[in-house]
Structure formats: C-alpha cells, structure tokens
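The structure appears right after this line, and notes come after that.
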Amino acid sequence: MTKVKKIFICSNCGANSPKWIGKCTSCGEWNSYHEEVIVKNTTQEEKRKTWKNTAYGNGPQPIALPEIKAGNTQRLVTPDQELNRVLGGGIVGGSLILIGGQPGIGKSTLMLQVALTVPAKILYVSGEESEEQIKMRSDRIGKPNSSCFVLTETNTSKILAHAQSLRPDLIVIDSIQTLSSPHIDSTPGSISQVRDCAGELQRFAKETGIPVIIIGHITKDGAIAGPKLLEHIVDAVLQFEGDRNYTYRILRTIKNRFGSTDEMGIYEMQSNGLREVSNPSELLLSQNEENLSGSAVSATMEGMRPMLIESQALVTTAVYGTPQRTATGFDLRRLSMLLAVLEKRMGFPFGQNDVFLNIAGGIKVDDPAIDLGIVAALISSLEDISIPSDVCFAGEVGLSGEIRAVNRIDQRIQEADRLGFKQIFISKYNTKGLDPKRYNIDIFTVGKVEELYRAVFE
Ligand code: TYD
Ligand code: MG
C-alpha cells in the first residue's frame with residue numbers, strides 16, 4: 001500500500017524530524033527545516049520480510065581486503081589541463097563529480113566545452129536549456145564533436161535508460177536541481193528529489209563504471225537545497241567561482257576522493273568560451289610601465305601554485321566623520337587589522353583616512369602571505385612614494401607588527417625570480433634551508449613593519 005507521509009528535512013545537513021523545528025538539533029543551523037512529501041511503499045514489516053527472503057547468491061559478496069585487486073584506476077584524461085589537475089589527473093571511471101557555483105558563472109560553458117573536446121562518447125543531459133540553445137552555445141565555443149550527444153530530459157529513470165543504451169564514456173548532468181525521480185512526489189530541486197536523484201546517479205556510475213559529472217547551483221547564501229547535502233554522496237566536489245564582473249574564473253577542489261584538495265585551475269571567460277590560464281602571474285600583474293604609488297606585488301600561493309598578484313591601495317583624507325574602508329578580493333576585517341597595526345606600531349594616521357584596497361583581476365586571496373604586500377601598498381599610497389615594479393613581497397603580518405614566516409617560501413621566490421623580479425622581501429624567520437645563491441633575485445629579510453618601511457621607503 002502506498003502511504004503518503006510528510007516529514008521536515010534540514011536543508012543544511014539532511015537530518016529529518018516529524019515536526020518543524022527552528023534550530024536543527026544535528027547541525028545547529030537556524031530555520032533550515034523544510035516540509036517534504038515522501039512516498040513510502042514499504043512498511044517496516046515488509047522491509048524485514050524482504051531482507052529475510054533475499055537470496056544473496058548474486059550481487060556483491062564480502063571479500064577479504066588482501067584479495068581485492070588494486071587495479072589501475074582508469075582515468076579519462078581531458079584536453080583541459082586545468083580540469084585534469086583539479087581532478088588529480090583526469091576523470092576517474094565510475095566516479096560522481098559535483099560542480100557547484102553561482103548561476104551565470106560559467107558551469108554549463110565549462111562542461112559543454114569538456115563534452116565538445118574530449119575524444120570520447122559524451123552524453124550531455126540538460127534540463128535547463130533546449131537543444132537549440134545548446135547548439136548555439138556549442139557553435140560559439142566552436143569545437144564540433146560528432147560523438148557528443150545532447151539529451152533534454154529531466155526524468156532520472158529515462159535519462160539512465162538512455163545512458164544504458166547509448167553507453168557513453170562520460171555523462172554530464174546540467175543541473176541536479178532540474179532532475180526529478182518518478183519514485184518521489186516532491187518538486188524538482190527539493191531536498192528529497194536532489195538526494196534521491198543523486199543516489200540513483202551514483203548507483204548507475206558505480207555499476208557501469210561510467211563517470212557522471214553533475215552541475216549544482218548555489219546561491220550567494222547557499223540557500224538552494226542540494227549541493228551541501230550532496231557533498232556526502234559524491235566522490236569529488238569542485239567549486240567554480242569568480243567575480244562576474246571580471247573575466248577570471250577559479251575552479252577549486254573542495255573534496256576529492258582520488259586526489260589532493262589543494263589544486264586549482266584558472267580560466268578566463270572569453271567570447272568563445274573559457275580559456276585555460278596556465279601562467280596566471282603574467283596576467284595578474286598590471287602592464288604598467290611607470291611606477292605608481294599605492295601598488296605592490298605579493299608572491300602568494302593559490303593551492304599548490306605560486307602566483308604573483310598585484311594589490312592596489314588608495315588612501316585619501318576622510319571626507320566624512322567615519323573613515324571608509326573598502327576591500328575587493330581581500331577580507332575587510334583583515335584590512336582593518338593591518339591598518340590598526342600600522343597605526344599603533346608606526347603612528348600612521350589611517351584613522352583619519354579613507355582606505356580602498358583592490359586585488360587585481362577580481363581574484364579572492366586568503367593566503368596570509370599577501371599581508372606584507374598589502375602593508376607596503378598602504379604605506380606607499382599614504383606617503384605617495386611608489387615602489388619599484390621589480391620588487392615583490394611575501395610575509396604574514398602579526399598583531400605586534402612582526403613579519404611572520406609563510407609556507408613554501410622557496411616556490412614563491414622561484415616564481416618571482418622566473419618572472420624577472422629583482423628584489424623580494426620576506427620574513428627574517430623564513431630563511432631556514434634557503435640558499436640565496438640559487439636565485440638571481442635579491443632576497444631581503446625583515447622582522448618588523450618598521451624595518452620594511454626603512455628598507456623600502458627611506
Ligand atoms: P553559463 O555557462 O550559462 O553559466 P552557468 O551555467 O554557471 O549558469 O555562462 C554564463 C555566462 O558566460 C553568460 O553570461 C555568458 C558568458 N559566456 C561568455 O562570455 N562566452 C562564451 O563563450 C559563453 C558560452 C558564455
Ligand atoms: Mg547553466
């Protein structure tokens with residue numbers, strides 16, 4: 001007998017409760033419970049009967065660990081080097097990969113591009129766009145692939161039936177929020193639909209060995225059901241991010257069962273699709289020949305990659321009573337802290353000035369090593385003294401104005417050296433195991449912000 005039952009599910013962690021509660025008892029999130037209709041086909045008693053009567057002759061058997069053949073994981077290597085790196089060397093057979101990101105960031109473009117360029121049979125399922133729209137997009141990207149099949153369907157069972165007969169090498173689902181499973185009564189995009197569809201796709205991937213990539217939308221506050229919940233189900237979670245007003249996009253790994261989560265890929269959105277940026281530093285440095293005050297270059301790390309990024313500061317006399325602080329690509333509270341350190345330790349009157357800070361390229365940086373470069377940019381703008389364009393910085397600034405050591409200093413120096421910088425300022429506590437003779441770049445060490453000031457601006 002079919003029984004309709006309503007339960008409340010937490011959109012953050014997936015816990016459920018028979019009645020609505022304001023604060024989730026499992027994850028502590030407020031106001032995250034939503035009503036869901038679930039259709040129950042079997043009662044507990046029926047379930048018990050099923051497992052008692054199930055013959056376990058066929059299907060997977062328990063197997064002793066040493067007897068399992070290690071095998072070599074088959075990876076589908078795409079022509080997109082950035083994506084390969086982010087996934088740890090290609091798409092693992094039978095894996096379920098989630099790509100999350102805000103609407104309009106370029107998830108569909110990225111995936112269609114993969115579908116059009118991978119030399120394999122691809123099934124591209126879209127519940128969002130019509131065939132004509134996909135055709136138009138593929139014409140725009142301009143890499144026709146005769147073995148890319150497009151299916152506009154939202155019913156999971158039908159999709160999997162098509163996949164079964166087509167036997168592609170990769171399935172792309174755009175997006176999980178549009179799918180609906182015929183076994184469940186609630187609307188597409190609801191928590192139980194998303195969870196059920198993802199579960200079905202996972203079973204399909206594991207049984208057939210065909211990897212499935214699913215696209216999932218996340219709004220600014222992460223409100224839409226799904227991606228958070230899906231993170232537990234899938235093998236890898238990639239996040240596609242960037243500022244829509246800029247052309248750069250970053251693909252990050254949040255979770256990866258088959259590789260490191262420190263990797264990231266950089267793309268540039270162009271009129272004919274996304275272009276891989278294999279040499280980010282060269283693009284993120286402004287091409288300015290003359291030295292302007294207020295800008296400084298930092299040797300930062302984004303995941304495993306060293307990247308030289310320019311930060312620009314503008315310090316002007318405050319017009320209103322309360323000075324303004326604006327930061328793009330950098331944490332505003334961290335900026336306030338750096339300003340407080342400069343004011344307290346060196347007596348700079350930042351309290352009477354408006355401060356604007358901008359990281360080039362719309363990139364968000366949370367590497368603490370950018371601190372030193374930001375401090376240099378702030379002082380440079382305040383004093384109106386420019387920093388030579390062949391100087392860069394790498395160091396964290398502590399509350400008492402001390403310059404702290406940062407990780408992978410060797411790689412940072414190497415990258416700065418490679419890009420032709422002449423001087424790099426690092427923390428004096430960062431010199432362990434460092435051989436200055438290995439580089440052409442001059443390494444200066446500083447212990448406090450005062451020393452930085454004396455070395456650069458006096
Ligand atoms: P889209 O992939 O549709 O985003 P998502 O699937 O994440 O919602 O792409 C969104 C934007 O990308 C859209 O505003 C147009 C732009 N775009 C380009 O700039 N160049 C291109 O070649 C394509 C296909 C899209
Ligand atoms: Mg899309």
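Cross-link list LYS69/LYS107; LYS107/LYS206; LYS19/LYS107; LYS158/LYS255: which exceed 31 angstrom alpha carbon to alpha carbon? From LYS69/LYS107; LYS107/LYS206; LYS19/LYS107; LYS158/LYS255, over 31 Å: LYS69/LYS107; LYS19/LYS107. Charge dipole of the chain (Cα centre as origin; +1 on each Lys and Arg Cβ, -1 on each Asp and Glu Cβ, all else neutral): 1900 debye, rounded to the nearest 20. Volume per residue for the chain equals 206 cubic angstrom (convex hull of Cα atoms).
Could you tell me what a quarter of the Cα convex hull surface of segment 75-278 works out to, in nm² with one decimal place?
Details: hull surface 41.1 nm².
The number I arrive at for segment 75-278 is 10.3 nm².
Just so you know, all these numbers are worked out from the coordinates, no wet-lab data involved. Computed from a predicted structure; not experimentally measured. Ideal geometry is used to build each Cβ from the backbone, glycine not excepted, and the neighbour counts take in all protein chains shown.
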